[in-house]
Amino acid sequence: MHCGKLTFFCGKMGAGKSTRSRVTAQSEGAVLLSEDVWLAALYPEEIATLADYVERANRLKPPIEALVHSLLQSGTSVVMDFPANTLQQRAWLRGLYTEVSAPHELIYLDASDALCLARIAQRRVVAPERAATDTPEMFAAVTHHFVPPQPDEGFNVTVVAVSEESNA
């Protein structure tokens, strides 16, 4: 049986991962799974700190893993709007496609800190419910852990240079 393709994203907070994941899922006819949507639905108003996020995000992994395996094995492609920003996050995502021998693509959205911070500020205006977490302080805390994908990790990486003019 032919497996679906798993697509996932790496990029700093505000680089455009969610926007690009929606566009990619639509253009490829894939199922989109968004960590933000799942976290908001399952843990409303419970995430105020980076530690809160990490704890809740880790709770999601077992059921998401089973869902992704099932979708990929059925031949359905999946776009993951889950961050692939650390070695640990990428190791988990690697397990999703290797366990079922599915093809994959890691899209790295390479954006400057200044652009990301400007986008985060704009996001607070258009989505006031994110004002508590979309802050320069949270950006700094999250970016401290950010590691761009490395060749020795063995991913099929597509690098996209993000500029002010781009929507991703």
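Each value in this text was obtained by applying a stated rule to the coordinates, not by laboratory testing. These figures come from a predicted structure and were not determined experimentally. All Cβ positions, glycine included, derive from the backbone under ideal geometry; neighbour counts span all protein chains shown.
Some points to look at:
- Ranking Leu71, Leu96, Tyr53 by how far each Cα lies toward the positive end of the dipole of the chain (charges on Cβ) leaves Leu71 at the top.
- Shape category assigned to region 8-50 from the gyration tensor of Cα positions, a/c cut at 1.5: oblate
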